[in-house]
Amino acid sequence: MKIFVIGAGQVGSTIVEALHGEHNLTVLDLDPGRLTPLAYRYDVATIEANGASRRALADAGVRDADLVIACTSRDEANLVAATFARIEAPRATTVIRTSNIEYIELWREGRLDVDFVVSSEVETAHAITRVIGVPAALQTDVFANGQVQMVEYEVTDLSSPDVLGKPLRKSGVIPRDSRVVSKIRGDAMTIPNGDTVINAGDRLVVVGSPEAAQAWGELLSPGEGAVEDVVVFGGGQVGVAIARQLLEQRIGVRLIEPDRERARRIAEDLPDARVYQATGLDPDFLERERIGQAQAAVFAMREDSKNHYAATLARVHGVDFTIAIVHDPIAREVYAYSGVDVTVNPRQVTAEEIVRFAHDPRTQQVAMIENDRFEVLDITTSPSSEYVGLKFRDMPIRGAVIGAIVRDGKAVFPHSDDVLQAGDRVIVFTESSRVAAVERVL
């Protein structure tokens with residue numbers, strides 16, 4: 001596939017990293033400092049040009065594109081670039097990144113002439129609310145309209161003794177309707193079987209029903225329980241999107257925003273939330289408002305340093321479960337070292353949503369794990385697949401494992417004697433480097 005990526009920032013770079021191996025990529029950006037590292041690391045064409053210029057796109061050869069992704073940090077530039085791409089390459093699929101909710105609404109109404117619109121704020125809010133739904137998770141995603149859940153857990157010394165140190169086949173407590181599709185330890189990944197032993201320090205990727213995901217959480221992090229009270233630090237676009245989605249799930253929200261006028265507007269827009277006009281960095285305020293008694297806190301301020309400090313302070317005051325927005329990927333390690341439970345990078349989750357448009361058309365959804373070392377795909381099996389007609393016990397592993405199938409609209413968690421059928425949607429885990437091969441064989 002010939003793909004044009006307009007914008008070589010963090011989102012664009014993540015997209016290039018995920019797609020360069022299997023596609024012909026051309027990247028446009030005005031900043032040569034962003035293009036040079038991409039040209040050095042990957043076999044991609046880089047052009048120092050304005051992607052929102054029709055002439056620049058034409059000169060770059062966009063007429064031959066199959067997919068155009070406009071993912072700069074400027075919404076209007078992305079929209080203009082996609083509009084020109086429509087003119088120069090009418091057969092290409094166009095995808096834009098936006099932070100403007102009005103653009104999303106126009107697109108949903110069919111009044112915006114692009115194929116797909118992806119919102120960083122909405123995708124980030126989705127990622128965070130999914131994690132809050134499974135407090136023990138490092139990362140989670142849902143497939144098949146919520147019937148299937150992928151969850152990554154960390155095993156600790158506090159995990160159930162029914163799981164620790166025992167082969168999976170002998171544990172006797174493995175939740176039904178679930179499958180451990182990967183065990184990760186350090187840089188090593190293994191696809192588990194019945195003899196696999198789970199130890200503290202392992203990270204497990206599980207595919208199962210939502211009920212099974214909750215049951216795994218209880219095994220690996222006993223006592224977490226359902227979250228009903230969340231404090232959101234930061235009333236920017238991301239913070240408000242998170243608060244809105246939590247309220248839609250009937251989770252109590254307290255939101256902290258230092259700007260008086262913005263806090264007032266948020267209170268009007270979200271009447272079911274309790275909004276404080278405060279920095280959230282004052283120990284007296286935290287004590288007075290009993291912020292430490294919240295079951296979870298989300299730190300969605302614009303600066304990593306403020307999110308890091310606020311998360312650390314909240315933990316000191318008693319908050320057990322902390323989730324922080326991380327803008328600089330390097331800061332992720334700092335957060336983890338200081339005890340922040342989960343970090344979410346808006347650019348990463350945005351890129352994850354965009355990347356799926358470059359996959360096989362049968363692939364409906366993609367989830368990236370461990371900074372795109374691994375992926376979980378939702379893909380429909382072809383009648384010509386060599387796997388069709390095989391029992392699951394007879395399928396070659398080849399570095400991938402099917403955790404669930406969706407047949408006739410219903411999720412099924414297959415056993416060894418079940419047979420894969422043509423037209424089944426499979427939820428499959430694999431290494432990112434093997435995605436194209438997995439799509440071909442299915």
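Coordinate-derived values only; no laboratory data. What you see is a predicted model; the values in this text were computed from it and never measured. In this analysis, Cβ positions are derived from the backbone assuming ideal geometry, glycine residues included, and neighbour counts consider all displayed protein chains.
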### Query
Sorted by mean Cβ packing within 10 Å, highest first, what order do the peptides 272-279, 30-37 take?
272-279, 30-37
### Task
Among the aspartates and glutamates, select those whose C-alpha is under 14 Å from the C-alpha of LYS170, and discard any that sit fewer than 8 residues away in the same chain.
ASP162, ASP195
### Task
Please turn the phi angles of the stretch 44-59 into ³J(HN,Hα) values with the Karplus equation 6.51 cos²θ - 1.76 cosθ + 1.60 (θ = phi - 60°), one per residue in order, whole Hz, x for glycine and proline.
10, 7, 10, 10, 7, 6, 8, x, 8, 10, 4, 5, 4, 5, 5, 5
### Query
With θ set to phi - 60° and the Karplus curve 6.51 cos²θ - 1.76 cosθ + 1.60, what are the ³J(HN,Hα) couplings of the stretch 165-172 in order, to the nearest whole Hz, using x for Gly and Pro?
x, 10, x, 3, 5, 9, 6, x
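Taking 0.36 nm per intervening residue step and subtracting the Cα-Cα distance, what contour gain separates ARG265 from GLN277 on full extension? Provide the component values of the computation, followed by the final result.
Values: separation 12, 0.36 × 12 = 4.32 nm, distance 1.11 nm.
Length gained between ARG265 and GLN277: 3.2 nm.
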### Task
Starting at the first residue of the stretch 346-355, write each ³J(HN,Hα) from the Karplus equation 6.51 cos²θ - 1.76 cosθ + 1.60 with θ = phi - 60°, in whole Hz, x for Gly and Pro.
x, 5, 5, 5, 5, 4, 4, 5, 6, 4
### Sum of -39500 (n - 2.57) over DSSP H runs of 4+, divided by residues of the chain (222 nm, nearest 500)
-9500 deg cm²/dmol
### Query
Expressed as a rounded percentage, what relative contact order does the chain have, with Cα pairs under 8 Å and six or more residues apart?
12 percent
#### Entry: Structure-derived volume of the Cα convex hull per residue in Å³ - corresponding label in (1) 133; (2) 148; (3) 189
(2)
#### Entry: Whichever lysines have a C-alpha closer than 22 Å to that of LYS410, once near sequence neighbours (fewer than 8 apart) are set aside
LYS391
### Task
Order these peptides, 66-75, 103-112, by their mean beta-carbon neighbour count within 10 angstrom, highest first.
66-75, 103-112
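Under a Cβ-only charge scheme (Lys and Arg +1, Asp and Glu -1), can you give me the dipole magnitude of the stretch 128-220 about the Cα centre, in debye to the nearest 20?
Details: 9 positive and 11 negative charges, 46 e Å.
My answer is approximately 220 debye.
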### Task
Please say if the stretch 2-114 is rounded, prolate or oblate, where rounded means a/c under 1.5 for a ≥ b ≥ c the square roots of the C-alpha gyration tensor eigenvalues, and otherwise the choice is prolate for a/b larger than b/c and oblate otherwise?
prolate
